[in-house]
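The values are calculated or read from the model by the stated rules, or taken from the named source; none is laboratory data. Not measured: the values here are computed from a predicted model. We place every Cβ from the backbone using ideal geometry, glycine too, and count neighbours over all the protein chains shown.
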Amino acid sequence: MVVQVKYNSNKSSRTMEGSNQKVEANILLLGAENVGKSALAVRFLTRRFIGEYSDIESIYSSSDRIDGREMSFNIWDSLHPQNCEMDGCISDKQLQWANGFILVYSICDRASFNVVRRQVQRIRQCKSKHAGATAPIVIVGNKRDLKHRRTVSSEEGTLLALSSDCGFFEISAAETYHGVLLVFHELLDLIREAKALRKGPAGFRGIVRSMSAVFGRRRTE
Ligand SMILES: Nc1nc2c(ncn2[C@@H]2O[C@H](COP(=O)(O)OP(=O)(O)O)[C@@H](O)[C@H]2O)c(=O)[nH]1
Ligand SMILES: [Mg+2]
């Protein structure tokens, strides 16, 4: 069962350049259990970190006005199925639904990093089969506040992101709202760019995007 929840917020935000069109996005949150997917979604929507989250799979619907532009998005906070090794545990339905992905691992949990690696492959393989289908992905190494228990280095996260043309952030959903905001805004930017590219020839933003594919994106809080 997937529960649908509606939010309305008036968060302030940085400038989004480009067209005046309303941005509509379906964002799928993926990753192993216990890495902080629900914490990320709740932090983004409410600014709060509440510590414990229910195991109910939810789709949050929210709209926001950013620099005078209307944005609406759905965030699917998925549950990672147990005993699912091979295909990254992403259903066809989820792949069709989403036009952007946030893949979360914990920097203290190597197995969760391996799950993200498989999920990137699965998304890239699936989308490459469909002409014109783009799949913006942002990889998130969460629980940065637990650096003393780190088992996945920042370099490994960066390399995975570079080799698969994904955005990358290391954050702590527990400690700050700002990093979470950066993650979602990066993905919303990428989704908007992907939609613009599908509609017309690559303009300046398209060229910048191609350059970032070559030189990579790496951000930390
Ligand atoms: N220390 C720390 N704990 C976190 C962080 N994000 C989430 N958690 C905790 O990790 C556990 C799992 O979080 P949850 O969002 O339910 O993970 P999910 O199963 O991926 O949805 C909870 O106890 C959270 O309080 C973080 O950035 N740092
Ligand atoms: Mg959860």
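Would you check if GLY31 is on the phi > 0 side of the Ramachandran plot and at pLDDT 95 or above? Answer is yes for this residue. Residue under question is ALA25, and the condition is that it be modelled with pLDDT of 70 or more, within 22 Å of PRO136 (Cβ to Cβ), in contact with a strand residue (DSSP E or B) (Cβ under 7 Å, 6 or more places away or on another chain) and not charged (D, E, K, R); does it hold? Spelling it out, ALA25 is indeed modelled with pLDDT of 70 or more, within 22 Å of PRO136 (Cβ to Cβ), in contact with a strand residue (DSSP E or B) (Cβ under 7 Å, 6 or more places away or on another chain) and not charged (D, E, K, R). Contact map, region 40-57: residues that are farther than 18 Å from LEU103 by Cβ and more than 9 Å from ligand 2 (Cβ to nearest atom) paired with residues that are in a strand (DSSP E or B) and of a type in the set (Gly, Ala, Ser), Cβ distance under 8 Å, separation 6+ or inter-chain. Pairs shown: LEU45/SER62.
Which of the following residues is surrounded by 14 or more Cβ atoms within 10 Å (Cβ to Cβ), in contact with a strand residue (DSSP E or B) (Cβ under 9 Å, 6 or more places away or on another chain), closer than 16 Å to ASN26 by Cα and at pLDDT below 90: SER58, SER63?
SER63
Residue count for region 34-43, restricted to those that are more than 6 Å from ligand 1 (Cβ to nearest atom) and at positive phi: 0.
Counting only helices (runs of 4 or more DSSP H) that fall entirely inside region 120-217 and contain at least 1 residues that are more than 17 Å from the chain's Cα centre (by Cα) and modelled with pLDDT of 95 or more, the qualifying elements are 154-163.
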